Structures are given as structure tokens and as C-alpha cells.
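A.B. asks: Below is the structure I would like to discuss, written out as C-alpha cells.
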Amino acid sequence: MKLVKPIKDRGEVRKFSEALYEVSPREFALFVMGITWGLRISDMLALRVGDVVAGQGKRVQLVKELYIRERKTGKLSCLCTMTDDIRRALWTYLTTRKLDLSSPLFLSRERDPEGQPKAISRWQVYRIFKRAARAARLPSEYIGTHTMRKTFGYGLLRNGVPLERIMKHLNHSSERETLKYLGIEEDQLCEDKRALKWNVGNIGPKTQSSRQNRNGFPRKSYAEIPRSESYPQNTDSTDFLPLEIEG
């Protein structure tokens, strides 16, 4: 099972957003909210229309800000400001449905056992995200519902927000936890190895390139395997088993 990763490139975020909008304006609005506010999906799916919409009739408008209590930790989340990106995405989605202030914000077509409106499930979001990732030609095996929160954290880091503040945004207990969560540790370890240069590549015969086979290995480097009565060898056969070299 592969770990969900953030979408780190701004261009890929846009590609995924465009593909997601074509699949479902509802999940598009959810994604924009997720990568801007960094909320867990369980907190976003618990929102009601009345949490983000104020007024009635022709005076309906989106609120400017709101506080959300995290279901997982019980903590009151940081202030969530209604940015232009979220405002446009939400309005686009809300025009496709009835504005019942008591109904779930991200409404499912299905009803609960009592016949009441219910929110879409995490599994529904997951499937639509996978579909949009394939449409955007992104590695769908790394895309999931947690991609939103990780993309939010990585975006803060890219914008120069100090690590200790990102840690607080994500409610992590240590900076190391945050680095691991965003995949920074893994990326940095790979970069460390790529940057490590010993300048020993020019050691060896100058004609080394001419003594290599087409796979880059030196010619005449076959291991001499002694003949044995216990393991007879048929030199006429070309059906050899590959030798595994322990690294």
C-alpha cells in the first residue's frame, strides 16, 4: 500500500483542480477548501450549509470567516477565512442545489435510514479524486482524501511559512512529525544522495568505454562456475536461470 502524498507542483494542483471540476463541482469545492484551510475531510464533511451561508432569499451570501471544532481532537481550529478561491468554488457548486441551511454542505444524492439528507461519504470523495487524478495524468496511486491536507502543509512550506507554525496548523506534536507527514524527509534524503559526489568516476583505463558491453558492464566478466558431477551442465542449452547478486 502506497502512502498518500501532497501535490507539490502548482501547475499539477491546477491540472487536478480542472479535472476535478469537470468530474464534479462538489468535490472541486471540497478540494479547494481542503488545500486552503488544511482541514481534515471528516471536519469538512460535517459542515452544514448554514455554517458557510448567511441570510435568506436574495440576500444570501457566504460568511467571511468561521471557526471549526476538530472532531478528532476536540480543539477549536484556527480561523478559516473565506478566500476568493473558496468563494468562487462554493458559489459554483451551491448554484447546482437547493440551499437548505440545515442540510449537509457537501450533499449526497442518497438519504440516511430516516430519509433525511446526508453528506457524501469519504469513500465517494476518494473514488472521484482517483478518477480526476487519472484524467489529469497524475499518479493516482498517491492521491487520496488526505492529499488535501498534505498539499496545504506543503504549500505553506513553499511560501516560506516557518516549520513551527506549519506544525501548529496541522496540530502536530513535533517538527519531525511534520517533515515526515509532508514527505520532506524522504525527498531530502534522496536529494542528499544525489548531491553526494566523490569525483572518482575518471578512475580506471581510459578505454573503459570501449570495453563495456551494451548494458554498461565490462566485457568478459562472466563468473567461472566449475563443473560438477552433482550438477551436470548442458552447454547446448540456452535455458539458464538468472543469478541473483547480493548487494
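A.B. asks: Can you bin the range 10-189 into rounded, prolate or oblate? Criterion: square roots of the alpha carbon gyration tensor eigenvalues sorted a ≥ b ≥ c, rounded for a/c under 1.5, prolate for a/b above b/c, oblate for the rest.
C.D. replies: It comes out prolate by the Cα gyration axes.
A.B. asks: Let me ask something else about it. By how many nm would the segment from L66 to V161 lengthen if fully extended, with 0.36 nm per residue of separation less the alpha-carbon distance?
C.D. replies: Values: separation 95, 0.36 × 95 = 34.20 nm, distance 2.22 nm.
Extra length from L66 to V161 when fully extended: 32.0 nm.
A.B. asks: Additional query: If each residue's Cβ is checked for other Cβ atoms within 10 Å, how do K180, K150 rank with the fewest at the top? Numbers along the way, then the final one.
C.D. replies: On the way: K180 13, K150 24.
So the ranking, lowest neighbour count to highest, is K180, K150.
A.B. asks: So, one more: Calculate the length of the line joining the C-alpha centroid of the range 1-37 to that of the range 52-126, in whole Å.
C.D. replies: Distance between centres, Cα-based: 17 Å.
A.B. asks: Further, regarding this structure: When a footprinting reagent is the concern and you count Cβ atoms within 10 Å, what order do L107, L66 take, fewest first?
C.D. replies: Final ranking by Cβ density, sparse to dense: L66, L107.
A.B. asks: Turning to a different aspect of this structure: What list of ³J(HN,Hα) couplings, whole Hz, do you get for the range 12-25 from phi and the Karplus terms 6.51, -1.76, 1.60, once you set θ to phi - 60° and write x for glycine and proline?
C.D. replies: Taking θ as phi minus 60°, the curve returns 6, 4, 5, 4, 5, 4, 5, 5, 5, 5, 5, 7, 7, x Hz for the range 12-25.
A.B. asks: A further question on this structure: I'd like the FRET efficiency for R88 and R59, computed as 1/(1 + (r/R0)^6) with the beta carbon distance as r and R0 of 22 Å, rounded to 0.05. Display every interim value, and only then the final one.
C.D. replies: Values: r = 19 Å, r/R0 = 0.89.
The computed FRET efficiency comes out at 0.65.
A.B. asks: If you wrap a convex hull around the Cα atoms of the range 105-153, how much volume per residue is inside, in Å³?
C.D. replies: 93 Å³
A.B. asks: Between their Cα atoms, which of K72/K150; K8/K72; K75/K150; K15/K58 are more than 23 Å away from each other?
C.D. replies: K8/K72; K15/K58
A.B. asks: Continuing with the same structure: How do Y142, Y93 rank when sorted from fewest to most other Cβ atoms within 10 Å of their own Cβ?
C.D. replies: Ascending Cβ contact count within 10 Å gives the list Y142, Y93.
A.B. asks: Want the number for R111 to K75: 0.36 nm per residue separation, take away the alpha-carbon distance, what's left?
C.D. replies: Once the chain is fully extended between R111 and K75, it gains 10.0 nm.
A.B. asks: What are the lysines whose alpha-carbon lies under 24 Å from the alpha-carbon of K197, with same-chain residues fewer than 8 places away excluded?
C.D. replies: K206
A short reminder: the numbers here are calculations on the coordinates, not readings from a lab. This is a predicted model, so every value here is computed, not measured. Cβ sites come from the backbone with ideal geometry, for glycine too, and all protein chains shown count toward neighbours.
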